[in-house]
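Let me begin by presenting the structure, written as structure tokens, before commenting on it.
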Amino acid sequence: MEFAKLFESGVIGDLTLKNRIFFPAMSSWLAGVNGEPTEDLIAHYERIARGGAGLVVVETVMLPPLDENLIALSKRFVKTLRSCVGSP
């Protein structure tokens, strides 16, 4: 297989990845009108993770003014953001 190493595990510092497939940060335009994470945004990252990427970097986090980008406006969004990465 030409890209066999792509499917081998990889290590970045203390982090071991199941493969070397990388999903980079990009705007999905799925955040809510106030910049909050939405169910659609969470489902978007769940689909990517289930697709098998070894490393997923979440999209840009904007500060006001915003246009439906994920935004770091309030601590109240932290719980929802953590659900994107499966963190308690």
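The values are calculated or read from the model by the stated rules, or taken from the named source; none is laboratory data. Computed from a predicted model, the values in this text were never measured in an experiment. All Cβ positions, even for glycine, are placed from backbone atoms using ideal geometry, and neighbour counts span all protein chains on display.
Looking at the range 1-46, which of its residues are touching a strand residue (DSSP E or B) at 6+ places or on another chain (Cβ under 9 Å), exposed (fewer than 13 other Cβ atoms within 10 Å of the Cβ) and not in a loop (DSSP other than H, G, I, E, B)?
Matches in the range 1-46: VAL11, ILE12, LEU15, THR16.
Residues are listed down the side, and each one gets a yes or a no for (1) within 12 Å of the chain's Cα centre (by Cα); (2) at pLDDT 85 or above:
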| site | (1), (2) |
| --- | --- |
| GLY13 | no, yes |
| LYS18 | no, yes |
| ALA31 | no, no |
| THR38 | no, yes |
| LEU41 | yes, yes |
| GLU46 | yes, yes |
| GLY52 | no, yes |
